[in-house]
Ligand SMILES: C[S@@+](CC[C@H](N)C(=O)[O-])C[C@H]1O[C@@H](n2cnc3c(N)ncnc32)[C@H](O)[C@@H]1O
């Protein structure tokens, strides 16, 4: 039995090395990686899998201590889980965790994920590497059965969100967007990359749930079979242009060469049906799941590229009203809702000039009310 401490997440006990990350991006600091902050990410996997299917084969391609594998095996009835990691030290923790939770539906595997997926395929493939998933997406697709689900985490936030644009170009062949829309842009670049890799296999995708949280991006997509599905997914890719002198955003198809940023996935981030069926009971960070579920369900998924309150206040040089007040006011003219990307961001179907008009009017009213006190 390897040495460590036992952490409890929901109804599962997990043995992890005593030295482990409490938060931040995926960096190995103990003998085997474990990050407490990723409990939310694991909660979401359990919540989603519970709603999707009664029986399902699951591969946790890079399982480390097996924390996600044993949670799924223990908390999602009907799952048969393979917890794989190429590190023999990791497999010692996986075996200990399977034993500690008395799981008969979870087996450990000590393979390079590339070879695992040339030999076996699964209904659900989870990919959670250190940093970029780019090198591993093709093999994950190979390991995913017809109409299976790919769940992919990217912790290389700096390249995807434009802080290291060169690395983003090399890993993803995309031009990232910096500034207020960087996290939405990063998530959409990750999704674009998955769609492009799937297309090579004549497969397309339907996103079930996709988000940015803490230091990482995460997307769950259902794989669709056939060249038509691949073409439809490629049809959801495109570029965007941002004009900081007006705040105007515009998007274009892959064949439009004028727009420079991207390509991005411009389709929906979530499936409305899946969001409606999710319920967050029994999770270790229940309040966080409830809050995020509420944001995901309400955000306007038909619109791409959010606005941020700081963007509007620095552009107009006018004090920002409360975001809730602005969203309420925008709703009198069209659709508007906050997004999960940041507490100061929202999406709307109004034109930029109208967003600015409503903002200015509200800010003026707010200042007038303050001065009259
Ligand atoms: C970020 S950790 C995974 C964390 C884990 N999913 C969790 O929730 O705690 C990445 C893991 O991938 C493993 N790994 C790296 N390359 C691999 C490969 N080619 N095949 C299988 N495992 C690999 C590493 O040994 C490491 O344990």
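Any residue in the stretch 96-117 that's farther than 16 Å from residue 144 by Cβ: show its pairings with residues that are within 16 Å of the ligand (Cβ to nearest atom) and at pLDDT below 95 at Cβ separation under 8 Å, as long as the two are six or more apart or on different chains.
96/2
In the list 136, 122, 117, which residue meets the criterion of being under 27 Å from residue 215 (Cα atoms), within 25 Å of the chain's Cα centre (by Cα) and assigned by TED's automatic domain parsing to the domain that holds residue 70?
Numbers: 122 fails: under 27 Å from residue 215 (Cα atoms); 117 fails: under 27 Å from residue 215 (Cα atoms).
That would be 136, the only listed residue that is under 27 Å from residue 215 (Cα atoms), within 25 Å of the chain's Cα centre (by Cα) and assigned by TED's automatic domain parsing to the domain that holds residue 70.
When you scan the stretch 317-348, how many residues do you find that are farther than 23 Å from residue 183 by Cβ and assigned to a helix (DSSP H, G or I)?
4
Restricting attention to the stretch 29-80, which residues are crowded, with 20+ Cβ neighbours inside 10 Å and assigned to a loop (DSSP other than H, G, I, E, B)?
Listed by number, the residues that qualify are 32, 33, 34, 61, 62, 63, 64, 65, 66, 76.
Looking only at the stretch 196-222, which residues are surrounded by 24 or more Cβ atoms within 10 Å (Cβ to Cβ) and either over 14 Å from the mean Cα position of the chain (by Cα) or not assigned by TED's automatic domain parsing to the domain that holds residue 176 (or both)?
198, 204, 205
I'd like the residue in the stretch 135-159 that is surrounded by 23 or more Cβ atoms within 10 Å (Cβ to Cβ) and assigned to a helix (DSSP H, G or I) and, out of all such residues, is farthest from the ligand (Cβ to nearest atom).
Taking the candidates together, the pick is 159.
Name the residues in the stretch 328-343 that are surrounded by fewer than 16 Cβ atoms within 10 Å (Cβ to Cβ) and under 19 Å from residue 294 (Cα atoms), would you?
Narrowing the stretch 328-343 to residues surrounded by fewer than 16 Cβ atoms within 10 Å (Cβ to Cβ): 328, 331-335, 343.
Hits for the stretch 328-343 are 328, 331, 335, 343.
Quick check on residue 162: is it out of contact with any strand residue (DSSP E or B) (no Cβ under 6 Å at 6 or more places or on another chain) and more than 16 Å from the ligand (Cβ to nearest atom)? It would help to see each step written out before you state the result.
Values: out of contact with any strand residue (DSSP E or B) (no Cβ under 6 Å at 6 or more places or on another chain): yes; more than 16 Å from the ligand (Cβ to nearest atom): yes.
Against the criterion (out of contact with any strand residue (DSSP E or B) (no Cβ under 6 Å at 6 or more places or on another chain) and more than 16 Å from the ligand (Cβ to nearest atom)), residue 162 qualifies.
Could we say that residue 179 is under 19 Å from residue 239 (Cβ atoms), crowded, with 23+ Cβ neighbours inside 10 Å and out of contact with any helix residue (DSSP H, G or I) (no Cβ under 7 Å at 6 or more places or on another chain) here? Full working, then the answer.
Values: under 19 Å from residue 239 (Cβ atoms): yes; crowded, with 23+ Cβ neighbours inside 10 Å: no; out of contact with any helix residue (DSSP H, G or I) (no Cβ under 7 Å at 6 or more places or on another chain): yes.
Criteria not met by residue 179.
Would you mention how many residues in the stretch 101-123 are outside any loop (DSSP other than H, G, I, E, B) and out of contact with any helix residue (DSSP H, G or I) (no Cβ under 7 Å at 6 or more places or on another chain)? Outline the logic, then answer.
From the stretch 101-123, those outside any loop (DSSP other than H, G, I, E, B) are 106-109, 113-119, 122-123; that's our starting set.
Still in the running and out of contact with any helix residue (DSSP H, G or I) (no Cβ under 7 Å at 6 or more places or on another chain): 107, 115-116, 119, 122-123.
The qualifying residues number 6.
With the condition kept exactly as written, say whether any residue in the stretch 81-90 is crowded, with 23+ Cβ neighbours inside 10 Å, under 30 Å from residue 242 (Cα atoms), within 15 Å of the ligand (Cβ to nearest atom) and at pLDDT 95 or above.
No; the residues of the stretch 81-90 include none that is crowded, with 23+ Cβ neighbours inside 10 Å, under 30 Å from residue 242 (Cα atoms), within 15 Å of the ligand (Cβ to nearest atom) and at pLDDT 95 or above.
Identify the single condition in (1) touching a residue at least 24 places away in the same chain (Cβ under 8 Å); (2) within 11 Å of the ligand (Cβ to nearest atom) that residue 35 does not satisfy, given that it satisfies every other one.
Status for residue 35: all satisfied but (1).
The values are calculated or read from the model by the stated rules, or taken from the named source; none is laboratory data. Treat the numbers as computed from the prediction; the structure is a model and nothing was measured. All Cβ positions, even for glycine, are placed from backbone atoms using ideal geometry, and neighbour counts span all protein chains on display.
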